[in-house]
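The structure appears below as structure tokens.
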Amino acid sequence: VTNSCAVLFPCRCHHCPHLPTRPYEKSEKPCMLSEYRERYPPYPITLPRGLLKPKKAYKMAQIPMEGISTTKRDYIAHEVLPQKLKPPERHVKSDESMDLTSTYKQDYNSYPNSQVPPCLPRVTRHIPSAKMDTRTTYEGDYVLWNEPKTELIRPNDRFHPSEEKFDHRTIVQDDYLYRGPVATQSCKPPKLVQKSKAPFENITNYRVNYVPHPLEKHYIHKYEKYKVNEVPFDSLTTHKVSYKGLAGQPAKLAKPCNLKLLHDLPFSSTTEFREKYQAWPRPPVFTKKPDAYLPPLEKMDLHTTTQTHYKHPNGKPAKMCQTLAQLKISTEPFSSSSTMKEDYKPWLCKRLKPITCVPELTVPAEPMDFLTTFQTHYVPHPFTVTKSYKPGSSGPKHHTLLDAKTTYATSYTPKGIVRCLASYKHPPGYVFEGTDADGHNLYLPASTSECLQGGH
């Protein structure tokens, strides 16, 4: 148990890192005791206030309920008398006998049945002796007429090309005659403005009014030199201060100790498998010696069954059953003329020359000036000096330097780093009081402890 518990000291960055050391309670959960929990203990949980809303309790009326409904009030019950039943008439047995005849027996009288002979015709085969006429009705009725072959019906007005020479002239060439070039008048305005040879003045309104002023010297802020702190550095970190190692025993090696062999006997190569599962004795494998090959003394017959049974005593090669095409070669010359060649004969046409018109435009002899309408009409005019409406200078500027002092720099002065009292082995100004059940060291200020002793 250490004495670095931050229970009574004003340090808010530490809490007890030790496990509880109660004799009957052993748990690996860390101790949650800290300065925040010491100063701000948890208050008892208070239940929320109940609702003040009145309960919707049904209040029964104290007047007794009337057991009369609308049906009982409107539909009054009348007196119901028992129903009088008519007594049945007594059966009187008659002496007349019952007629058991029906309408079916009176109308449908029975007749004697007789077997009906079959209506199938008797099979009679008549084999004619005359020869059968195999001609059909179509061949007997529709006989070919002996008429000459009809000629083709063609129109007599066949086309005959004209023998006159084609002039290759169009309607436009005949109606619209060429009347020669037309002299047009130029609509271009005359060149009245002459360019001035005087040099161009490059004075502008900006150059006249806005004169360059001398620039002020740029203010450079001077930084203060760094001063090294004279207090020596304690080289203590939060880990070194809060988490101090407990004195414990060094870890033991878990490696098994090497037992030295007491004898120098060689390593036996026998195993449990070799001792229990030993090989069975195998009997020798019986092998039969092959018989010696003796070649046959008779000569081998190389004839097959097909050669012995299927013989061709008078065999001849088969002939082709295909008939040769009998072509009739005519001695007359072949006529290559057709209806197309006779009616549509090619014309003797010559290649036409392109029809070109005489140019109607006249090219001027003067060279082109390459001037646009904008260059000829919009002539540059002299600039007019406009009046500047810029306000004048407000006054001379102050060259005083800016005061770098702020409220933070003057009011909030740096304070020294206060060392936490829990980092001391025996905190100064405190007296050791005792140890609680969880193993925490309790310290009291020296002033309070002296007051308690003086009181005793």
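What are the residues in segment 215-230 that are open to solvent by 100 Å² or more (accessible area, probe 1.4 Å) and not basic (K, R), if any? L215, E216, H218, Y219, I220, Y223, E224, Y226, V228, N229, E230 - these are the residues of segment 215-230 that are open to solvent by 100 Å² or more (accessible area, probe 1.4 Å) and not basic (K, R).
Residues being closer than 27 Å to N202 by Cβ, surrounded by 10 or more Cβ atoms within 10 Å (Cβ to Cβ) and among the hydroxyl-bearing types (S, T, Y): count how many of those fall in segment 362-390. Looking only at that region, the number is 3.
Within segment 58-75, is even one residue under 60 Å from the mean Cα position of the chain (by Cα) and modelled with pLDDT under 80? No, every residue in segment 58-75 fails to be under 60 Å from the mean Cα position of the chain (by Cα) and modelled with pLDDT under 80. Annotation note: Cβ proximity below 9 Å between a residue of segment 333-354 that is part of a loop (DSSP other than H, G, I, E, B) and a residue that is open to solvent by 100 Å² or more (accessible area, probe 1.4 Å) (sequence gap 6+ or interchain) occurs for C349/F166. Pairs meeting the criteria (first residue in segment 417-428 and at negative phi and touching a residue at least 24 places away in the same chain (Cβ under 8 Å), second residue open to solvent by 40 Å² or more (accessible area, probe 1.4 Å) and outside any loop (DSSP other than H, G, I, E, B), beta carbons under 7 Å, at least 6 apart or on different chains) are P427/L421. If you filter segment 237-279 down to residues that are of a type in the set (G, A, S) and in a loop (DSSP other than H, G, I, E, B), you find that the one that is modelled with the highest pLDDT is A279.
Evaluating S242 against the criteria (1) free of Cβ contacts under 8 Å to residues at least 12 places away in the same chain; (2) small (G, A, S); (3) surrounded by 10 or more Cβ atoms within 10 Å (Cβ to Cβ) leaves one unmet condition, (1).
For beta carbons closer than 8 Å, sequence separation of 6+ or different chains, a first residue in segment 372-389 that is closer than 27 Å to N209 by Cβ and a second that is polar (S, T, N, Q), the qualifying pairs are F383/T204; F383/N205; V385/N205; T386/N205; S388/N205; S388/N209. Exactly one residue out of K131, K165, K149 is at pLDDT 80 or above, open to solvent by 100 Å² or more (accessible area, probe 1.4 Å) and within 21 Å of C349 (Cβ to Cβ), and it is K165. Scanning segment 341-361 for residues that are among the basic types (K, R) and surrounded by 10 or more Cβ atoms within 10 Å (Cβ to Cβ) yields one hit, K341. When residues in segment 168-206 are screened for being farther than 27 Å from T376 by Cα, open to solvent by 100 Å² or more (accessible area, probe 1.4 Å) and of a type outside the set (K, R), 7 of them pass. Could you go through segment 93-107 and let me know if any residue there is open to solvent by less than 100 Å² (accessible area, probe 1.4 Å), in a loop (DSSP other than H, G, I, E, B) and at pLDDT below 80. No.
The values are calculated or read from the model by the stated rules, or taken from the named source; none is laboratory data. Note that this is a predicted model, so its numbers are computed, not measured. Don't worry about glycine lacking a Cβ; one is built from the backbone with ideal geometry, like all the others, and counts go over all protein chains shown. Remember, those area values only see protein heavy atoms, side chains included, never the ligands or the DNA or RNA. Shrake-Rupley method; radii C 1.70, N 1.55, O 1.52, S 1.80 Å.
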